[in-house]
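The values are calculated or read from the model by the stated rules, or taken from the named source; none is laboratory data. Computed from a predicted model, the values in this text were never measured in an experiment. Cβ placement follows ideal geometry from the backbone for every residue including glycine, while neighbour counts extend to all protein chains displayed.
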Amino acid sequence: MSCRNRDILVVGAGIGGLTVARALALRGANVTVLEQADAIREVGAGIQISPNGLAVLRAIGVEEAVRNTGAPVAKALVLRDRNGRGLARFPFSGLKRPRDYLFLHRADLIDVLADAAREAGVNIRLGKRVEKVEPGGRPQVHLADGESLSPELVVGADGLHSVVSQAVLRREEPFFTGQVAWRAIVTGDDRPFEAELYMAPGRHIVTYPLCDGRLRNIVAVEERADWTTESWSRKDSPQALRAAFSSLGSRPRALLERAENINIWGLFRHRVADKWHAGHVVILGDAVHPTLPFLAQGACMAIEDAWVLAKKLDDTSDTRTALDSYQSIRMARVKKTVHTASGNAWRFHLGGPLALGVNLGMRVAGVAYPSVMTRTFSWLYDHDVTEGETLVPQASRSTQTGT
Ligand code: FAD
């Protein structure tokens, strides 16, 4: 057990940073988290946590708290055409743990993780922006307010525009995918707890329920010729969103009518980095492998990274061996996930005869083999990086196995 009493600094109190902080603290490390924001807050958006992500949340003892937020369990993904007519329905009952696919409000997940990290003894320091990290056996961390720190290990969980990653790798320029996405949360309706995907030429909408169905999350994607910034927090007007989807039928349009607070961002494709650590500096989550949202796995991959990193650091006192092992365990799975997400975009946006063909194919697949699609993703959702290990007493574990 070699995490005990190690002095570990995590940069970023996002989903990956808080998960690794709790996992490390439960294994006996002295963990400090530096977060640039002056409060733990999250953007207003939903997030899907699939069984592979929930397996880690269970192992670090927060499953019950997550379920208590009123997160609906996903029943099915329903594919619809531009007018809202159903093309296919893919139930999640084909998964090994069908009740473990949850729709969460991001703010609820962050609150649960932050409370759990503090409860495990993690010191979360807010308003602390890291400006530079110098790698080495004893890395130097320089903050914007002039403070410098020298922990035994730095974990960079500082997201898409990671500063810590600059100490590890030379980032390649990402390229614009030709798509922009709006996100919004609207009041819920009486639909069942299903995710819906509306497909039209050059655009699609994904929507799912949140908070016991009182709210609905919307992500609407449109193809565009150019875009400049990669940021999640740029505001846009509801009118612009409605105009972009005005050719859709009344059902999806009614959904967008309820949208008020809108954010827009450009979708960029990144290559998964070949190098995830240097000296005693290591990176995880979006800092090392940002992914497109078409598989809803960015957070789940960060959560899985967090578990594997903490476990490997605990398995050996040789940090280099631990970090090599973390990278090699994670690399293939992360690459496959990122590539699958990238491949999904075109399928949702077809027009003309191709769309007819794919829609017909989906109709047939949805009727004849309703659980085939969900089983196709068994490699993703049924994988459990914890291998059944748990860091907390079993009492809080879920025993649910069916819908
Ligand atoms: P982040 O969550 O981005 O956290 C980084 C943290 O680091 C932030 O708190 C930031 O303030 C802090 N930070 C940054 N720089 C510094 C610095 N220099 N000093 C100190 N602190 C710093 N994934 C899913 O699995 N399922 C989904 O359904 C899903 N839906 C999504 C929907 C949208 C609209 C978007 C944009 C993404 C979605 N994702 C989803 C992806 C997922 O949200 C990200 O992959 C995930 O949040 C990455 O976690 P992270 O901890 O690596 O980074």
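See the values below:
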item: Matching residues in the stretch 266-280 - criterion: being in contact with a Leu (Cβ under 7 Å, 6 or more places away or on another chain) and surrounded by 19 or more Cβ atoms within 10 Å (Cβ to Cβ); result: 267, 273, 277, 280
item: Single condition residue 52 does not satisfy, out of (1) touching a strand residue (DSSP E or B) at 6+ places or on another chain (Cβ under 6 Å); (2) not in a loop (DSSP other than H, G, I, E, B); (3) not charged (D, E, K, R); result: (1)
item: Given (1) away from the ligand (no atom under 13 Å from the Cβ); (2) over 27 Å from residue 334 (Cβ atoms); (3) of a type outside the set (S, T, N, Q), index of the condition residue 262 fails; result: (1)
item: Residue check, residue 114 modelled with pLDDT of 90 or more and away from the ligand (no atom under 16 Å from the Cβ); result: no
item: Selection within the stretch 278-298 - outside any helix (DSSP H, G or I), more than 24 Å from residue 208 (Cα to Cα) and in contact with a strand residue (DSSP E or B) (Cβ under 7 Å, 6 or more places away or on another chain); result: 280, 281, 282, 283, 284
item: Within the stretch 124-145, tally of residues that are more than 21 Å from residue 5 (Cα to Cα) and within 14 Å of the ligand (Cβ to nearest atom); result: 12
item: Residue in the stretch 320-343 that is at pLDDT 90 or above, at positive phi and either in contact with a His (Cβ under 8 Å, 6 or more places away or on another chain) or hydrophobic (A, V, I, L, M, F, W, C) (or both) present; result: no
item: Check on residue 307, within 14 Å of the ligand (Cβ to nearest atom), at pLDDT below 95 and among the aromatic types (Phe, Trp, Tyr); result: no
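Conditions (1) touching a Leu at 6+ places or on another chain (Cβ under 9 Å); (2) not hydroxyl-bearing (Ser, Thr, Tyr), marked per residue:
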| position | (1), (2) |
| --- | --- |
| 200 | yes, yes |
| 207 | yes, no |
| 215 | no, yes |
| 223 | no, yes |
| 227 | yes, yes |
| 242 | yes, yes |
| 250 | no, no |
| 253 | no, yes |
| 264 | yes, yes |
